[in-house]
Amino acid sequence: MTLVKLRRTAATLVSLGLVSAALLTGCGYLPGGGDEQRTVTVWLMKDSASDAFLRRFTKSFEDENPGLRLDIRIQEWTGIGAKVSAALARKPGARARGDAAGGPAPDVIEVGNTQVPQYVDEGGLLDLSLESARDLGMDDWLPGLADPGMFHSRQYGIPWYAANRVVIYNKDLFAKAGIKRTPRTRAEWIDDTRRLNTGGDQGIYLAGQDWYTLAGFIWDEGGDLAKETGGIWEGSLHTPAALRGMAFYRQLQALGRGPRNADEEHPPQSGEFAKGDVAQIIAVPGTAQAVEEKNPGLRGKLGYFPVPGRTAAKPGSVFTGGSDLVVPENTDDRAGAVAVVKALAGAKWQKDLARTMNYVPNKTTLSGAVAAGPGVAAMAAGAARGRATPVSPLWARVEADNPIKAYMSKVLDGADPATEARAASRRITEELDASGP
């Protein structure tokens with residue numbers, strides 16, 4: 001899914017070491033005691049956490065939970081969906097019988113935040129609503145992580161970490177245009193971008209099919225990509241609010257030379273920004289590293305600010321990428337699995353992970369942990385207004401042949417927005433029809 005690309009981009013913020021397939025595989029007995037130790041198997045995704053972080057966490061967790069041992073197994077993104085589905089379908093006791101293909105059955109799994117509804121729909125995730133309300137402080141969770149982890153009013157996914165888009169800007173071009181303060185409202189943003197879009201400079205590089213950025217503008221207007229009514233999902237790009245979001249996107253995109261018929265990776269916007277004549281792009285902060293690698297002359301000349309909102313009171317809405325932690329219903333050790341989730345999602349290790357990986361912590365109340373980093377601080381400010389894609393378990397079908405991209409290109413090429421939005425909404429509705437193929 002495209003949020004995987006977002007997570008991978010965020011991971012470029014630091015240099016990551018490869019983690020061994022299993023950090024520890026302890027099974028046995030406590031020295032000098034008769035109590036059997038239990039092993040909790042945890043599946044984490046490649047590049048989500050550094051080797052050093054996992055070593056710190058493992059040692060601390062085992063010291064604080066002497067009856068438990070961790071077996072952390074790093075998973076590749078490619079093919080992970082089928083692998084998780086197979087793990088969730090295993091019968092309880094698979095580890096004890098030794099019939100878990102590919103190693104021990106997982107007790108805790110990291111999944112992409114927007115993937116939780118799919119796994120809940122397939123069956124096999126433990127309901128963690130009680131733990132969320134009683135122990136995990138769910139009222140302060142980032143909505144972009146928490147909302148997709150909730151399905152039919154029950155919490156299955158526990159927010160772990162987040163990353164989202166900000167505006168990365170060229171300080172020299174802002175100074176050249178006489179702009180001394182970064183914009184805080186959409187109106188200021190448009191005015192500044194017009195001033196920057198002069199001579200050979202582009203005010204902004206915004207590809208025509210950057211649909212995640214469009215989603216934020218639609219959410220700011222009170223609209224959505226799709227809505228559920230009575231268990232039925234329908235596309236909603238044709239609503240007045242969604243059309244207002246598209247109108248703003250069209251206005252902003254015109255203040256640069258981004259392609260109308262391609263997304264932000266074709267060509268990669270980092271390469272366009274690195275040329276030095278682009279004043280702004282909308283991307284995760286880690287993109288700045290790729291820009292500086294392509295053009296070392298820009299080192300120290302890039303800044304960050306949250307995507308501006310309609311008013312200065314709140315930043316604009318943004319798509320939140322990141323991960324949730326889930327517990328399979330077939331775990332052999334519910335108590336041990338929940339203990340791991342509580343630790344990873346708790347304040348101590350959230351702060352450590354955020355500082356180590358330059359992520360946004362899972363709670364708005366923990367954003368101060370990354371205040372020292374300008375890029376991550378801008379990201380954290382926006383994350384408070386973060387959202388996720390519609391929580392339909394079939395949303396991946398929409399992204400597979402995304403009608404939102406085609407709709408955007410047609411509108412930017414001059415087609416009637418209302419007509420094209422209705423057509424795109426129909427396509428979304430068809431893909432989200434659970435009775436369909």
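Do we have Leu142 as closer than 27 Å to Ile428 by Cα and crowded, with 21+ Cβ neighbours inside 10 Å here?
yes
Please find, among Arg165, Arg194, Arg186, Arg154, the residue that is at pLDDT 95 or above and out of contact with any helix residue (DSSP H, G or I) (no Cβ under 8 Å at 6 or more places or on another chain). Reasoning before the result, please.
Numbers: Arg165 fails: out of contact with any helix residue (DSSP H, G or I) (no Cβ under 8 Å at 6 or more places or on another chain); Arg186 fails: out of contact with any helix residue (DSSP H, G or I) (no Cβ under 8 Å at 6 or more places or on another chain); Arg154 fails: out of contact with any helix residue (DSSP H, G or I) (no Cβ under 8 Å at 6 or more places or on another chain).
Of Arg165, Arg194, Arg186, Arg154, the one residue that is at pLDDT 95 or above and out of contact with any helix residue (DSSP H, G or I) (no Cβ under 8 Å at 6 or more places or on another chain) is Arg194.
Which of the residues spanning the range 286-342 are open to solvent by less than 20 Å² (accessible area, probe 1.4 Å), farther than 30 Å from Val108 by Cβ, among the small types (Gly, Ala, Ser) and assigned to a loop (DSSP other than H, G, I, E, B)?
Those that are open to solvent by less than 20 Å² (accessible area, probe 1.4 Å), farther than 30 Å from Val108 by Cβ, among the small types (Gly, Ala, Ser) and assigned to a loop (DSSP other than H, G, I, E, B): Gly316, Ser317.
Taking helices (runs of 4 or more DSSP H) that do not extend beyond the range 366-415, which have at least 1 residues that are under 14 Å from the mean Cα position of the chain (by Cα)? It would help to see each step written out before you state the result.
Details: elements: 374-383, 395-400, 403-412.
The qualifying helices (runs of 4 or more DSSP H) are 374-383.
Yes or no, residue by residue, for (1) hydroxyl-bearing (Ser, Thr, Tyr); (2) modelled with pLDDT of 55 or more; (3) assigned to a helix (DSSP H, G or I):
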site	(1), (2), (3)
Val4	no, no, yes
Leu23	no, no, no
Cys27	no, no, no
Gly32	no, no, no
Ser60	yes, yes, yes
Leu70	no, yes, no
Ala87	no, yes, yes
Pro92	no, yes, no
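Over 30 Å from Ala247 (Cβ atoms) and touching a Gly at 6+ places or on another chain (Cβ under 8 Å): which single residue out of Lys294, Lys351 fits that description?
Lys294
Considering only the range 44-52, I want to know if a residue exists there that is open to solvent by less than 20 Å² (accessible area, probe 1.4 Å), modelled with pLDDT of 50 or more and part of a strand (DSSP E or B).
yes
Quick one: is Gly300 modelled with pLDDT of 95 or more, on the phi > 0 side of the Ramachandran plot and in contact with a Lys or Arg (Cβ under 9 Å, 6 or more places away or on another chain)? Walk me through it before giving the result.
Values: modelled with pLDDT of 95 or more: yes; on the phi > 0 side of the Ramachandran plot: yes; in contact with a Lys or Arg (Cβ under 9 Å, 6 or more places away or on another chain): yes.
Yes.
Just to be sure I understand, how many residues within the range 416-437 are over 28 Å from Gln251 (Cβ atoms) and in a helix (DSSP H, G or I)?
Step one: list which residues in the range 416-437 are over 28 Å from Gln251 (Cβ atoms), which gives 430-437.
If we keep only those that are in a helix (DSSP H, G or I) too, we end up with 430-431.
Selection size over the range 416-437: 2.
Residue-wise test of (1) in contact with a His (Cβ under 7 Å, 6 or more places away or on another chain); (2) under 18 Å from Gly231 (Cα atoms); (3) among the β-branched types (Val, Ile, Thr); (4) open to solvent by less than 80 Å² (accessible area, probe 1.4 Å).
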| position | (1), (2), (3), (4) |
| --- | --- |
| Asn402 | no, no, no, yes |
| Ala406 | no, no, no, yes |
| Leu412 | no, no, no, yes |
| Ala415 | no, no, no, yes |
| Ala421 | yes, no, no, yes |
| Ala424 | no, no, no, yes |
| Glu431 | no, yes, no, yes |
| Ala434 | no, yes, no, no |
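The values are calculated or read from the model by the stated rules, or taken from the named source; none is laboratory data. The structure displayed is predicted, hence computed values, not measured ones. As a convention, Cβ positions derive from the backbone with ideal geometry for all residues, glycine included, and neighbour counts pool all protein chains shown. All accessible areas refer to the heavy atoms of the entire protein, side chains included, with ligands and DNA or RNA removed. Shrake-Rupley method; radii C 1.70, N 1.55, O 1.52, S 1.80 Å.
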